[in-house]
Every structure is written in C-alpha cells, then in structure tokens.
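Q: First, the structure itself, so that you have it in front of you.
Only the coordinates and a few stated rules stand behind these numbers; no lab work does. It should be emphasised that the depicted structure is a prediction, and the values quoted were computed from it without experimental measurement. Every residue, glycine as well, gets a Cβ built from its backbone with ideal geometry; the counts of neighbours run over all protein chains shown.
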C-alpha cells in the first residue's frame, strides 16, 4: 500500500510540475533572461518550491555550462521538486507549446512570409550582438579576441571553424586576461553519483557518435547534438553553429533557415525549439517525428550536463583558470555571431534598399527597448 501511495504521489508531483511549466511555456516571451525572471516569480516568490539562494545557484550553474540556460534552469527546478521525472516533466511542459508551433510552421510556411521573417532575423541577431559585445567585450583585449574569432570563423568554414574559434578564445583568454575567482555555494539538489556518471557517459558517447559514426557525421542530428553540446549562453548564440553545419551542406537553404529563426523570435518558450522547425523542414515526409527527434538532439546535451555536473560544479568553477577559459569562450561567441551577421544574414538576406530600410528600422525599434521582439517579427512578416 505504501508503494502504491508513493507511486501515486510521484505521479501527482510530476503532473504538478508539468502543468506549472506548461503554463509558463504559453506566456514566457522575451528570451532566456525573461524566462529566468518568470521562473523566479513563479517558483521562488509565489509557489515557494525553492529558496532564492537555491534558485540563484541554479541560474549560476546554467550560465556556466553549455546549453540553453533557461531550459537548464527549469530542468534543475524540476529535479529539485520531483527528482529526475520532475526534471523531465518541467522540460516537456516548458518546451511543448513552442515545439508544436515551430514544427507546424516548418510544414506550412510561404515564400512571402519568409522574406519578412528573414529581415526580422537580421534585426534580432544584430540587437543580440550589440548587447553581448557591450557586456562582454569591455576592454581592447576582449574586443581583439572577438575580432580575431570573427575573422577566423569567416575564413574557416563549417563546424570545424566554429569549434576552432571557441578553443582559440579560451586559449587567448588564458594568455591575455587576468584570472579572477568568484566562489559559488553548492546546490542542494540530490543527484546520485551513479546518475551523474551515467549522464556524463551518455553525453560523451553521444558526442563521439556524432563525430565518427558513418551516416551521422555532417547530418542534421549530428549538427544539432554538437550545437547543443558546444553553445555557451544558449539563445542567439546557437545560430552560428547551426548555420555553419546545415546551410553550406545543402540540408536547408539560407532563406528557409532564416525564416524559421525569425519565426522562433515571435513565440514564447525556448529559442532552441527552432530545431523542431529544422527537423520538419529537412524531413517533411516525417515532419512530426523528425521535429521531435531534432528537439531531443539539441536539448539532450545541456540537460545531461546539468545532471553530470550538479554534484561537482562548485569545485570546477572555483578554479580561476577555469573561469578564465569560460570567459574566453564567451568572447569568441561574440565573434562567431558577428561573422554570421555579416554572412549569410546581411550579404544574403538584404536584396535591395527596401530590405535594408526594414531591417534597420526593426533594429532601431529593438534598440529603443520599447517594442517587444515578437511584435517586431510580426510586423516584418506582414510587410
């Protein structure tokens, strides 16, 4: 009887977590930073599922490791509330609304709609780049590293160039920047050593398979998993990795790629659901299945890393040199985003002065801070 009661309680807890995150997935506009604000309001202030200190620690972890920060934070909140099943329930609930929309859009878009979304994508990426450069490249050394990485990513094509520039950024930061240490408190979320080790092994095996298994290397699933495993900061940062792996290989053309990316800005929930659109576009005969698998491929690395690093992350991030290398990777990401903004976004996305004017006005609207991203996307799509 006690086992039955325990099982029923676990199911009830999982459903509670799922419905709470599903509601957020329907209204959480504004990108990762806004999502984290929503999480704090709902789960710390209103529901009191965890303390403010615990939430701050979760957010810090999500920002240190690769993957979509808000989805990783939501997953960790679910872990804290209901164990592994709770974490999965949180991820599904928060991701589901945007995933359904993006997979659906991948099957019904029109050429006219694409033109406006492409211009919206240019404005959104330019605005994101401006904000990142302003906050990350605070001195000439960081600016120089970002510029070198931008040039390198433009010269060396494909995913190899992206990875090379991330490594270069880390090495340059270790050589040029002053080490700093920011101590973090341990996160009190019970994750067994067995679960942590298993998650880390799955992460490593998955990454190696995408690199070396015949028939996978260079394909959609490979690019998605590698992007999810390598992107620091989530959100717009994933764009260079996806573009370099999918567009030059012919899996999807530039216009369709940018249209989906633009559409992803207009909906609530995680931006990584763009992967669902890519799956539906590239495999239209199995759009729902391909879209769902694409979502798993891009989200899985980041969620596995949360499980793997929760028990040990404090010791890792207390090393000044580790923080230094992470800073260099973030600087390199600014350069990668700049390279993608120039080519293909500007060079292939702007066809005449009218396109340039629309993109410039959209960028100015975002820069003003008075016009939400989703409204800019809707207006551009309607033009």
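Q: What does the extension gain come out to for residue 10 and residue 342, with contour length at 0.36 nm per residue minus their alpha carbon separation? Before the final figure, lay out each step's value.
A: Numbers: separation 332, 0.36 × 332 = 119.52 nm, distance 5.02 nm.
Net length gain for the segment: 114.5 nm.
Q: Oh, and also: When a/c is below 1.5 the answer is rounded, else prolate if a/b is larger than b/c, else oblate, so apply that to segment 265-378 with a ≥ b ≥ c taken from the square roots of the Cα gyration tensor eigenvalues.
A: Working: a/c = 2.16, a/b = 1.32, b/c = 1.63.
Here segment 265-378 falls in the oblate category.
Q: When ranked by the protection proxy of mean other Cβ atoms within 10 Å per residue, highest first, what sequence do the peptides 295-305, 195-205 form?
A: Details: 295-305: 23.8, 195-205: 15.6.
So the order, starting with the most tightly packed, is 295-305, 195-205.
Q: If you don't mind, another one. For every helix of n ≥ 4 consecutive DSSP H residues, a contribution of -39,500 (n - 2.57) applies; sum these over the chain, divide by its total residues, and give [θ] at 222 nm rounded to the nearest 500 deg cm²/dmol. Before the final figure, lay out each step's value.
A: Values: 17 runs with 283 residues, N = 383.
Computed mean residue ellipticity for the chain: -24500 deg cm²/dmol.
Q: Also: Report, please, the projected area of the chain averaged over directions, based on the convex hull of its C-alpha atoms, in nm². Please report the intermediate quantities before stating the final value.
A: Working: hull surface 77.7 nm².
Dividing the Cα hull surface by four gives the mean projection, 19.4 nm².
Q: Take residue 163 and residue 383, extend 7 Å from each Cα along the Cα→Cβ direction, and tell me the distance between the two endpoints in nm.
A: Between residue 163 and residue 383, the label points sit 3.9 nm apart.
Q: Same structure, new question: What ranking do 144-150, 88-94 get when scored by the average of other Cβ atoms within 10 Å per residue, highest first?
A: The packing order, highest mean first, is 88-94, 144-150.
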